[in-house]
1. Could you go through the stretch 153-170 and let me know if any residue there is out of contact with any His (no Cβ under 9 Å at 6 or more places or on another chain), over 30 Å from Y231 (Cα atoms) and crowded, with 17+ Cβ neighbours inside 10 Å.
2. Only one residue in V238, V185, V232, V202 is at pLDDT below 85 and either surrounded by 18 or more Cβ atoms within 10 Å (Cβ to Cβ) or basic (K, R) (or both). Which one?
3. Of the residues in the stretch 115-152, how many are surrounded by fewer than 17 Cβ atoms within 10 Å (Cβ to Cβ), within 26 Å of P65 (Cβ to Cβ) and in contact with a helix residue (DSSP H, G or I) (Cβ under 7 Å, 6 or more places away or on another chain)?
4. Anything in the stretch 205-229 that is modelled with pLDDT under 85 and over 30 Å from A124 (Cα atoms)? List them, or say none.
Amino acid sequence: MATYRQVGRLLGISARLSSLLAGSRCQSAGLHWPSHTTGVSNRWPQNPLWVVPGRTMFVQTQDTPNPNSMKFLPGRTVLEMGTMNFAGPRDAFCSPLARQLFRIDGVKSVFLGPDFITITKADANMEWKVIKPDVYAAIMDFFASGLPIVNEDSKPSADTAPSDDDDEVVAMIKELLDTRIRPTVQEDGGDVLYRGFEDGIVKLKLQGSCTSCPSSIITLKNGIQNMLQFYVPEVESVEQVKDEEAEEAAQV
């Protein structure tokens, strides 16, 4: 059960974070910590709007640290809360939008965020200009159809929110992940989920553009781990947790 001491410590962390982030911006291998007063980061140049005659929807694209992943911003809400990751077509049974995107040749995975869709291509040699037009069309056609993004019985992941069952250390880890780290990672087209804390090790799962990003390990160690260790002395290290299917694919 959360204690008054825990709440006070969390408030102290938020105050120190605000002071630190207001004075400078911390950057590490693709993980850039924006000021808390800035709602939208402009560090990634946005490509021109994609406009199709006769349509009223505008879709923007945004590069990510992963050259095989790209963010598509439809200018509308994608998920009301949380995020959803679809590593392959068989995982997309609960999302009509993801199923439609997987029909496009070259799409390896689909990640849904609050206001963006991250597409990861299967072939690093395939140029984005080959895939982009089909993705644009699929997104615009889907939103025009009025179908739900995900089925009603499906719930996006939001596991970093502190709960009454968490002890003081876990609550602080989740607080940092949920309020500072995840929003920054989502700006890069990905997400990081809490998967446990044991013997000083924080276990995290990377999603979206972070899954196959060349700098993902550096991001974990130099970005996330350093921040958690600075504010939570009980944290000794951070490790990435992968799905069994992802591990099998990496070994092939």
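The values are calculated or read from the model by the stated rules, or taken from the named source; none is laboratory data. The structure displayed is predicted, hence computed values, not measured ones. Note that each Cβ is placed from the backbone with ideal geometry, even for glycine, and that neighbours are counted across all protein chains shown.
1. Just the residues of the stretch 153-170 that are out of contact with any His (no Cβ under 9 Å at 6 or more places or on another chain), to begin with: 153-170.
Adding the requirement that they be over 30 Å from Y231 (Cα atoms) leaves 153-155.
Right, trim to crowded, with 17+ Cβ neighbours inside 10 Å and you get none.
For the stretch 153-170, residues out of contact with any His (no Cβ under 9 Å at 6 or more places or on another chain), over 30 Å from Y231 (Cα atoms) and crowded, with 17+ Cβ neighbours inside 10 Å: absent.
2. Just one listed residue meets the conditions, V185.
3. Going through the stretch 115-152 one residue at a time, the tally reaches 0.
4. None - no residue of the stretch 205-229 is modelled with pLDDT under 85 and over 30 Å from A124 (Cα atoms), so the list stays empty.
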